[in-house]
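Structure first, commentary second.
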Amino acid sequence: MNDIVTLQGVAKRYTRGKETVEVLHSLDLTIPQGDFVALMGPSGSGKTTLLNLIGGLDQPSDGEVRVAGERIDGLSGAALARWRARHVGFIFQFYNLMPTLSAQANVELPLLLTPLSKAQRRQNAQIALQIVGLADRAKHKPSELSGGQQQRVAIARALVADPTLLVCDEPTGDLDRKTADEVLSLLQTLNREHGKTIVMVTHDPKAAEYAQRQLHMDKGTLVPGNVP
Amino acid sequence: MKYFPLLWAGLWRKKARTVFTLLSIVVAFLLFGMLQGVNAAFQQGVNNANVNRLVVTSRISLTEALPISQQQQIASVPGVAGVAYAVWFGAYYQDPKNFVFATPVDIEQYLHVVPEVKVAADQVAALQRDRTGLIVGSALMQKYGWKIGQRISLHSTIWVNKYDGTSDWPFNIVGTYSFTGDDSQNQGAFFNYRYLDEARTFGTGTVGWWIVSVKDPNQSAQIANAIDTRFANSQDETKSQSEKEFAQSFLKQFGDINFIVKAILGAVFFTLLFLTGNTMMQSVRERVPELAVLKTLGFSDAKVMTLVLAESLLLCVIAAALGLLLACLIFPALKSVVGTVTLPPDVLASGAIVAVLLALATGGLPAWRAQRLAIVDALAGR
């Protein structure tokens, strides 16, 4: 199976005032295509930083990040933006939908960056909403939807451009157990039936059980024994 | 166009704030349209001034009279084609608000020197026959619904009629005139100089200013100089100017309209710059996480910056269009003041340019901040 994510010797340092903090230390990781990985660990262990590097939201201080066959650690801001549009779908803890747009318009957002026609964009967004079971809520604004429904709209938005990789940062952190299970089942279905590679950061061991693999991080490194 | 729904939704994120900002810009552009329209209308009079004519006034002041005996001497200056005269009558109809630019002239001489004024020959003859005759501009006739043959009375703020001791001067309307190429000139009236001269209590045998037509406009400066030289060191020294210069100096009597208009608009737009700029800054500040999400989805820094600028442009252009449209609707009400009924197209064009500049100025800083937004920091609320 092809590796979709390869990290070699990746380090990440932040400078806050006069202080420099190394959040990730010389980290190596590979994630094969079609995998569903749960990244776990205590707060401040570097999970989200690692996720940001894999999703092309941030650049490493050292090391090499190769995702979807492309080395992204040296890309310019504009090239990285194009790369994200093509390869990555993001799902956040607080959904991060545009409050003034309908569910349909929110799902269509990533498609604005493609050459698709208006009709095609609409059709693709409708299909994505059908996949997450919200076709009948297409015209609703986020404020008219429950938390679980909003997260499903966010998943539809992440899916709609058919990305290589889904990156989820605490996708159930703001949901009750029942709704969280529904969302996680949906992610599992996307992984199993649609072959989507998923990297999910979570604190919740129950959420992690939906993944194929669990990786644990502590103090900026992956805990030995979990790294493939 | 595909980004329009996104822009539109962003614009109406806080409806009340957008409405108030929109209204401020609408009012500013309404003011812009009206003031610039008035200014342009006044300037139109200056621009329409004839290059073949000079206006000769007293060197002391425009209000100082000149003796009618100067006419022959001016006419004898080489290069002069014709000489006519006029007197400031200062009239109104029924109410001081209804100012009427009624001018006592020798109609034959006047029409020779100012051929743009068109009067039917039989009406010229009627005026010459009727001492109290009045030829009225077509717009003025329409304004008061006057008819030929009607007898009206104009009140002079300067001249007393010695036959009845009042300032009311009765007139018989004997004809109408139209001024070719400038509708604002059709607000006046002409009557016989001899009527004024015989009946006034002072100033007999004097005129207010001379209107001199020249054979060659290229010689205007030399002819003006020759006229002034002829009366130099006399009791009645003259100041000869081109009609354009005269129109400009006449306008300056009311104040420097151009400067006043620009000063008012400058103050208005300076305030607007901060108001709209602040609104845009606030709007972008509130949407930091949303802008970060757009970048996460693959919108480049430049695209996010363009979206913010486009939103500012949309707000300013819509408001400016509404303001200028209102100005177009209201401007005809000023016809009696400015003499024209349509807002000049160059005022609308300059309004559009100002709207774009305002949008760039108010949207520039928020757009720059949006462009520089770091995704990771913005999503983390830093």
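Couple of notes before you dig in:
- Between residue A:168 and A:91, A:199, A:200, A:201, the built amide H atoms are under 5 Å apart, and every one of these is 5 or more places off in sequence or on another chain.
- Fraction of C-alpha pairs exceeding 37 angstrom in chain B: 42 percent, rounded to a whole number.
- Helix axis angle, A:147-159 relative to chain A longest principal axis, alpha carbon, degrees: 80
- Less than 5 angstrom separates the built amide H of residue B:133 from those of B:172, B:192, all sequence-distant by 5 or more or on a different chain.
- The aspartates and glutamates whose alpha-carbon is closer than 12 Å to the alpha-carbon of residue A:219, local same-chain residues fewer than 8 away aside, are A:22.
- Part-to-part distance (alpha-carbon centres) for the stretch A:1-75 and the stretch B:1-19, which is given in Å: 37
- Proximal aspartates and glutamates to residue B:162, defined as alpha-carbon separation beneath 14 angstrom and excluding residues fewer than eight positions away on the same chain: B:197, B:198
- Theoretical gain in end-to-end length, residue B:1 to residue B:178 [0.36 nm per residue, Cα-Cα removed]: 58.7 nm
- Peptides A:119-125, B:144-150 ranked from most to least packed, by the mean per-residue count of other Cβ atoms within 10 Å: A:119-125, B:144-150.
- Overall form of the stretch A:168-228: oblate. Here a/c, set by the Cα gyration tensor axes a ≥ b ≥ c, is 1.5 or more, and a/b is not larger than b/c.
- Calculated FRET efficiency for the pair residue B:44/residue B:76, C-beta based, R₀ 56 Å, to 0.05: 0.95
- Integer Hz, Karplus 6.51/-1.76/1.60 couplings in order for the stretch B:77-85, x for Gly and Pro: 5, x, x, 7, 8, x, 9, 10, 9
- Cross-link partners for residue B:15 among the lysines, with Cα-Cα distance under 17 Å and sequence neighbours closer than 8 places in the same chain left out: A:141.
- Förster-model FRET efficiency, 22 Å R0, residue B:144 and residue B:122, C-beta, rounded to 0.05: 0.45
- Using alpha-carbon coordinates, inclination of helix B:243-252 to the longest axis of chain B, degrees: 70
- Listed pairs B:118/B:215; A:139/A:178; A:12/B:295; B:2/B:303; B:118/B:244 exceeding 19 Å between Cα atoms: B:118/B:215; A:139/A:178; A:12/B:295; B:118/B:244
- At most 12 other Cβ within 10 Å, DSSP loop - chymotrypsin sites (Phe, Trp or Tyr not before Pro), the stretch A:70-138: none
- Of the residues A:172, B:306, A:20, the one with the fewest other Cβ atoms within 10 Å heads the list, and the complete ranking is A:20, B:306, A:172.
- Peptides A:138-146, A:33-41, B:126-134 ranked from most to least packed give A:33-41, B:126-134, A:138-146, packing being the mean of other C-beta atoms within 10 angstrom over each peptide's residues.
- Compared with the dominant Cα axis of chain A, that is its longest principal axis, helix A:177-194 is turned about 80°.
- Of every Cα-Cα pair in the stretch B:50-252, the percent that sits beyond 22 Å: 48
- Rg and Dmax [Cα atoms of the protein assembly as shown; Å; Rg one decimal, Dmax integer]: 39.9, 122
- With neighbour counts taken as other beta-carbon atoms within 10 Å, the residues B:24, B:312 rank, fewest first, as B:24, B:312.
- The mean of 1/r over all pairs of different alpha-carbon atoms in the stretch A:50-98, once inverted, gives a Kirkwood hydrodynamic radius of 11.5 Å.
- Classification of the stretch B:147-220 by its C-alpha gyration tensor yields an oblate form. The axis ratio a/c (a ≥ b ≥ c) is 1.5 or more, and b/c is at least a/b.
Only the coordinates and a few stated rules stand behind these numbers; no lab work does. Since this is a predicted model, take the numbers as computed values, not measurements. Glycine also receives a Cβ, built like all others from the backbone with ideal geometry; neighbour counts cover every protein chain displayed.
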